[in-house]
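The values are calculated or read from the model by the stated rules, or taken from the named source; none is laboratory data. All of these numbers come straight from a predicted model, not from anything done at the bench. Here the Cβ positions follow ideal geometry from the backbone for every residue, glycine too, while neighbour counts run over all protein chains shown. We work out accessible area using only protein heavy atoms, side chains counted, and drop any ligands, DNA or RNA first. Shrake-Rupley method; radii C 1.70, N 1.55, O 1.52, S 1.80 Å.
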Amino acid sequence: MSAIAIGRLLRTGTSGFVIGCRVNQLDSPSFGSLVRVPLEPDYQVFGIIYDIHIEDDGLVRQLITAEDVPEEVLRDNRENRNVPVEIAVLALGYQQGEQIFHLLPPRPPLSLDAIYLSSPEEMIAFTSAGRFGYFRHILRDPSKPVDELLAAHLMTARTIHESAGNKSWYPEALQELIALLRDDYQRLMNVLRAAGEIG
Amino acid sequence: MENFSEEQTGKIGYIVGGGLKANLQARLSVPAQTVQEGAFVVIESGGWLFYGLVTDLQLGSTDPRFADEQTGTRLPHQLAEMLHGQTLFTNLEILTALMMERGPEPGTDEYNVWYQKVLDETIRPEPVKTVPQHHAEVRLARAGDIAEIFGREGKGAFFRIGDTLEGGHPVCVDLDKLVQRSAGIFGATGTGKSFLTRVILSGLIHRGKTSVLIFDMHNEYGPDDTASDTGLRVPGLKNKFRAKVRMVGLGRGATIRGEQPDYTLEIAESDITPEDVMMLSQALNLRETTPTTLEALRVNFGYDNWFHEFKHMKVNAYLYDEEGKRYPDPDSVAAWAEGAGVHPGAAEALHSKLRRLFNAPYIVEEPAANALQQMIDNLDNGQHIVLSFGKHENDLDYLFVSNLLTRRIRDVWEHRTNNFRSGHQGAKEPRPLVIVVEEAHKLLNREMASQTTFSTIAREMRKYYVTLLIIDQRPSQIYDEVMSQLGTRVTGWLGDSDDIHAVLTGLAGREALRGMLARLQPKEEVLMLGWGVPMPIVIRSRRYNEAFWEELLEKQTPKDNAAILDELGY
């Protein structure tokens, strides 16, 4: 299993963290991807990407206003710029030894810790553990694009589970979401409409 | 898969609320159409089984907007189905009536002790005194549950009166208990009262522990009949129980639907008392002066002769003296009235109004035979009487004859009971008697109830071994006090709210049963309730057809307790 490192931690906390990476590292991580931060041999933190954004800097502003900038200059500024791409991750749980917990990690990762995309096996293990307890972390903060995030996560996870022969994961996940949100009509309908886009 | 396993276990939902005073609420976990109002359900909670009746089904939603908006058109089918499964639901309202200990785990010593108690019938269902736990499983009753509560067909006095709506499990009534207090069969016209009455009467006659006297006003129980709706032949009781049923016609030469009765009944003039006439106050529109006149007649001529003497008095008969002055004929009503100190006008008016009785062909001075005694003998010997009114099926004849006979027969039974209870030598216990009264509101309405023997019988229950089986389409017209004394009530569809109220008088949970009564399927479904049944239940009444007779007259071997428990799954 070859782990794909996608960057290092910029800012961190128990409920989430922000990764910095270069633009040429941006091919792998995507909105809704499950990531992990190994901290010790038997302890790693899991999270989900909920935001990817690129800050501007003075040079970029100058280039945008300049005329007839050569293509190689543009590429050089894009790939070798000093300001990293920032990827925001929501903490969903952690693994202690063999056991996976859908609880906030007891200790946050540290700055510059490397972060990796979860493999399909890791994703199956994490999303199958317990009974979708990690959904509550996603649903907790209404300022985040919860409906879109869930739809992206469901689409990815469903494909992986169904490839592994488990067709019941997706309906069970939906049932759990409905149970969690049935007292909040608007949010539930938003989530379901987003899920409806998956087909 | 979930539904499949629920079908297998019979689980239909789980308890979500309610209480002992209010009904229990259960969340339905199967499609609403699987359960109907009136369904008999069992709630399993801890070591107890609770037995109840579904009295209402209510649609609900976790948020009203899930119900208001047709999300099915806005979401993919699978998603919409999942959403509806969790946000839209049906709640059952359950009227619990009985509870019974479920017993310890089989195979343990405690189980063996408990099992022996069940075999000895020391453990029986008891009135509900507590509530099941939250989320306790609710399931439809199985045949074993029904048998445990209502008894098993063929065992003792248990007689199948119909089947449950769901599952079609047999529901029995204890015939011996049914006749311990007066009972009633109600339902609007055309709801199958007569057929249900035939079924119950057939059961009583077949059981053979009770004698039955039927006042057959419309000549429908004794002889064969033709159903008014299907045109099919309906066997009469006489046809099926030739040796046990005596068909009696009213008046000499009476025929019943062209058939000769076993014998005819004539009433001797000497048998008629002033009280019998007073009961006809409404039918004959008697005046307030009538009691005075009747009392004078009784004092003058005695109980045995007053009717005969009064009948033969002349009306408007006058003679003239030597001076040409008019005076009443000594044989006239007026002359008697003057002599007795009664107003002649009142006496003549009474005479005029009693003319319908004077002219009744079944009232004679000297009956050819003592048919009344013969009827009493028949009833004593375990036979049953169907008194058909033949062509005399108007209210006056019915009120007069049924009242008079009932009074006489009850007097005999009262006398015998007193002899039996006081230990007279040779006095044997009177045979229980059920008097079947059609159009009961004519005899037991508010105005008449205080005077008739019928209300006395209804009130005193089985003190003198005589009870009533009243059949009526307007129970609201029957006096409340009589209605409240009825032990068992079996009722078909009723539309009038007063009638529904009357049938449910004095019963617990009547609010819940009220709606159910108004929605019974005419001719098929009846609600059985009251003291004589362990708990209210809606049943599909037994069909009165050839199959019924084959089943009834076939000899059946009752199963023992062990077999019943086996069916219950113990």
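Within 29 Å of B:K193 (Cα to Cα), buried (at least 18 other Cβ atoms within 10 Å of the Cβ), touching a strand residue (DSSP E or B) at 6+ places or on another chain (Cβ under 6 Å) and not basic (K, R): does that describe B:L433? Yes, satisfied.
Taking the range A:27-55 as the range and being of a type in the set (A, V, I, L, M, F, W, C) and open to solvent by less than 50 Å² (accessible area, probe 1.4 Å) as the test, the residues that pass are A:L34, A:V35, A:V37, A:V45, A:F46, A:I48, A:I49.
Filtering the range B:77-116 to residues that are surrounded by fewer than 16 Cβ atoms within 10 Å (Cβ to Cβ), within 14 Å of another protein chain (Cβ to nearest Cβ) and in contact with a helix residue (DSSP H, G or I) (Cβ under 9 Å, 6 or more places away or on another chain) leaves B:Q78, B:E81, B:G85, B:L88. Of everything in the range A:185-199 that is in contact with a Pro (Cβ under 8 Å, 6 or more places away or on another chain) and at the interface with another protein chain (Cβ under 10 Å from one of its Cβ atoms), the residue that is farthest from A:V146 (Cα to Cα) is A:G199. Restricting the range B:32-76 to residues that are open to solvent by 10 Å² or more (accessible area, probe 1.4 Å), part of a strand (DSSP E or B) and without any contact (Cβ under 8 Å) to a residue 60 or more places away in the chain, which is farthest from the other protein chains (Cβ to nearest Cβ)? It comes out as B:L57. Of the residues making up the range B:496-519, those that are assigned to a loop (DSSP other than H, G, I, E, B) and either at pLDDT below 85 or in contact with a Lys or Arg (Cβ under 6 Å, 6 or more places away or on another chain) (or both) number 7. Within the range B:505-527, being more than 13 Å from the chain's Cα centre (by Cα) and open to solvent by less than 60 Å² (accessible area, probe 1.4 Å) holds for B:T505, B:L507, B:G509, B:A512, B:L513, B:G515, B:M516, B:L517, B:A518, B:L520, B:E525. Looking only at residues of the range A:56-75 that are at pLDDT below 85 and charged (D, E, K, R), we find that the one that is least open to solvent (accessible area, probe 1.4 Å) is A:D57. Selection of the range B:445-458 for residues being part of a helix (DSSP H, G or I) and open to solvent by 20 Å² or more (accessible area, probe 1.4 Å) yields B:R446, B:E447, B:T456.
One residue stands out in the range B:262-273 among those that are acidic (D, E) and assigned to a loop (DSSP other than H, G, I, E, B): the one that is surrounded by the most Cβ atoms within 10 Å (Cβ to Cβ), namely B:E266. Here B:G156 passes the criteria (1) surrounded by fewer than 18 Cβ atoms within 10 Å (Cβ to Cβ); (2) outside any loop (DSSP other than H, G, I, E, B); (3) touching a strand residue (DSSP E or B) at 6+ places or on another chain (Cβ under 8 Å) except the one numbered (2).
Scanning the range A:9-39 for residues that are in contact with a Gly (Cβ under 9 Å, 6 or more places away or on another chain) and of a type in the set (G, A, S) turns up A:G16, A:G20. Going by the conditions given, is B:A97 farther than 26 Å from A:L174 by Cα and in contact (Cβ under 8 Å) with a residue 24 or more places away in the chain? Spelling it out, B:A97 is indeed farther than 26 Å from A:L174 by Cα and in contact (Cβ under 8 Å) with a residue 24 or more places away in the chain. Applying the criterion of being more than 24 Å from B:V503 (Cα to Cα) and in contact with a His (Cβ under 8 Å, 6 or more places away or on another chain) to the residues of the range B:192-212, the residue that is surrounded by the fewest Cβ atoms within 10 Å (Cβ to Cβ) is B:I205.
All conditions but one from (1) among the polar types (S, T, N, Q); (2) under 16 Å from the mean Cα position of the chain (by Cα); (3) over 26 Å from A:V45 (Cβ atoms) apply to A:N190; the one that does not is (2). Here B:T189 passes the criteria (1) open to solvent by less than 10 Å² (accessible area, probe 1.4 Å); (2) closer than 24 Å to B:D397 by Cα except the one numbered (1). Residue pairs whose Cβ atoms lie under 9 Å apart, separated by 6 or more positions or on different chains, with the first residue in the range B:417-444 and assigned to a loop (DSSP other than H, G, I, E, B) and the second open to solvent by 30 Å² or more (accessible area, probe 1.4 Å) and aromatic (F, W, Y), are B:A427/B:F420; B:K428/B:F420; B:E429/B:F420; B:P430/B:F420; B:L444/B:Y479. Within the range B:466-491, residues that are over 13 Å from B:K442 (Cβ atoms) reach partners that are among the basic types (K, R) and part of a loop (DSSP other than H, G, I, E, B) with beta carbons closer than 8 Å, at six or more positions or on different chains, in the pairs B:T467/B:R181; B:Q485/B:R181; B:L486/B:R181; B:G487/B:R181; B:T488/B:R181.
For residues that are in contact with a strand residue (DSSP E or B) (Cβ under 6 Å, 6 or more places away or on another chain) and small (G, A, S), scanning just the range B:329-387, find the one that is nearest to B:D304 (Cα to Cα). Looking at the filtered set, the residue picked out is B:A371.
For the range B:236-261, taking the residues that are farther than 27 Å from B:R207 by Cα and in contact with a Phe, Trp or Tyr (Cβ under 6 Å, 6 or more places away or on another chain), the one that is surrounded by the most Cβ atoms within 10 Å (Cβ to Cβ) is identified as B:L250. Residues in the range B:222-254 that are part of a loop (DSSP other than H, G, I, E, B) and under 23 Å from B:P361 (Cβ atoms) were compared, and the one that is nearest to the chain's Cα centre (by Cα) is B:G222. Restricting the range A:76-100 to residues that are surrounded by 11 or more Cβ atoms within 10 Å (Cβ to Cβ) and in a helix (DSSP H, G or I), the residue that is nearest to the chain's Cα centre (by Cα) is A:R78.
Of the residues making up the range A:149-184, those that are surrounded by fewer than 19 Cβ atoms within 10 Å (Cβ to Cβ), modelled with pLDDT of 90 or more and within 11 Å of chain B (Cβ to nearest Cβ) are A:S168, A:P171, A:E172, A:Q175, A:E176, A:A179, A:L180.
The set of residues in the range B:465-495 being in a loop (DSSP other than H, G, I, E, B) and of a type outside the set (G, A, S) consists of B:Y465, B:Q473, B:R474, B:Y479, B:L486, B:W493, B:L494. Taken together, the residues in the range A:158-177 that are touching a residue at least 40 places away in the same chain (Cβ under 8 Å), more than 19 Å from B:L83 (Cβ to Cβ) and assigned to a helix (DSSP H, G or I) amount to 2.
Taken over the range B:459-496, the criterion of being touching a His at 6+ places or on another chain (Cβ under 7 Å) and crowded, with 21+ Cβ neighbours inside 10 Å is satisfied by B:D472, B:I478.
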